[in-house]
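S.K.: Here it is, the structure, as structure tokens.
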Amino acid sequence: MPSCDMCGAQGKLFRVLVEETEMYVCQKCSKFGKILANPVTFIKKKVVLEKSAKPEPVEMIVEGYSDMIKKRREELGLTQEELAKKIAERESIIQKVEISQIEPSISLARKLEKFLSIRLVEQYEDKGGSLSTKSKSAEFTIGDMVKIKQRR
Ligand SMILES: [Zn+2]
């Protein structure tokens, strides 16, 4: 609780000027000085942290990846085995990817993208959530009050 700078009484405090010194005093003591402001009001504002965490972009393998890989590999004149060796993967993986039996992992797709100069990964960003920045500056707590008092 805030207390009067002069007598220590607790309750409503007035900001007064006593002999050129600014003080926070109770109503009784305020008559000894010049009142500068109305009773100090302690506003406790709830800071609501909205749980709208920034959505992670979702990475997805593009449609038709198998044909793209196959076409590009053939353009480069590479066999599945050669391509597999170039990107340090197993030939069987390349085979399965090219016939759409398996969808390449993002890391494999990245390697293929880089090596084949094609686009295999698309990023989808969920734009639904928005970050709200709520200012804490308007907050005036008893803690702040104590700091002000200690400065003097
Ligand atoms: Zn007092």
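The values are calculated or read from the model by the stated rules, or taken from the named source; none is laboratory data. These numbers were taken from a predicted model, which means no experiment stands behind them. When we count neighbours, we look across all protein chains shown, and the Cβ atoms used for this are built from the backbone with ideal geometry, even at glycine. Accessible surface is based on the protein model in full, side chains and every heavy atom, while ligands, DNA and RNA are left aside. Shrake-Rupley method; radii C 1.70, N 1.55, O 1.52, S 1.80 Å.
S.K.: Can you tell me which residues in the stretch 15-29 are open to solvent by less than 30 Å² (accessible area, probe 1.4 Å) and either of a type in the set (Ser, Thr, Tyr) or more than 9 Å from the ligand (Cβ to nearest atom) (or both)?
M.R.: Within the stretch 15-29, 16, 18, 24 qualify.
S.K.: Tell me which of these residue 91 doesn't satisfy, since it passes every other one: (1) modelled with pLDDT under 95; (2) open to solvent by 60 Å² or more (accessible area, probe 1.4 Å); (3) of a type outside the set (Lys, Arg).
M.R.: (1)
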